[in-house]
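The values are calculated or read from the model by the stated rules, or taken from the named source; none is laboratory data. Model, not experiment: these values are computed from the prediction. All Cβ positions, glycine included, derive from the backbone under ideal geometry; neighbour counts span all protein chains shown.
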Amino acid sequence: MNVRDEATARQRSGTGGLEVCGIVALTLSLGMFVLGASAVAVVLFGLLSASLVLLGRAKARGWSPDRLGVTTAFLVGTVLFTSLGWAVARIVGALVVGLGSWLTWHGGVGRRVRRL
């Protein structure tokens with residue numbers, strides 16, 4: 001086994017860990033829903049689990065650390081601001097913030113991230 005194969009094997013094991021964490025977070029969010037937790041908590045855990053799984057897959061496809069970092073920061077910021085929008089104006093606030101994030105991503109951030 002050469003050095004490149006070892007690095008690929010280590011990278012795949014790390015991405016597998018991210019995906020397992022995402023599946024565990026999804027299971028926890030479903031359990032919280034069954035036990036009667038608030039919808040906001042369930043949605044946050046659901047977004048966390050989806051993010052972990054997607055980041056694991058992106059890392060497996062060879063995304064650079066810069067690209068992963070910017071994308072993760074954007075997703076975390078979107079989730080935090082959407083939570084704040086929900087707290088202030090419920091569904092309308094969350095929709096406004098979500099639409100703003102979507103427009104920001106498609107307005108220029110997405111193109112810059114793809115170049116990384």
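The residues on offer are L44, L80, L84, and the sole one that is modelled with pLDDT of 80 or more and surrounded by 13 or more Cβ atoms within 10 Å (Cβ to Cβ) is L84.
Note on the range 31-40: among residues that are loosely packed, with under 14 Cβ neighbours inside 10 Å and in a helix (DSSP H, G or I), the one that is modelled with the lowest pLDDT is V40. Evaluated against (1) at pLDDT below 90; (2) surrounded by fewer than 15 Cβ atoms within 10 Å (Cβ to Cβ), L99 falls short on exactly one condition, (1).
Per the listing V70, V76, V96, the residue uniquely over 15 Å from the mean Cα position of the chain (by Cα), among the β-branched types (V, I, T) and part of a helix (DSSP H, G or I) is V96.
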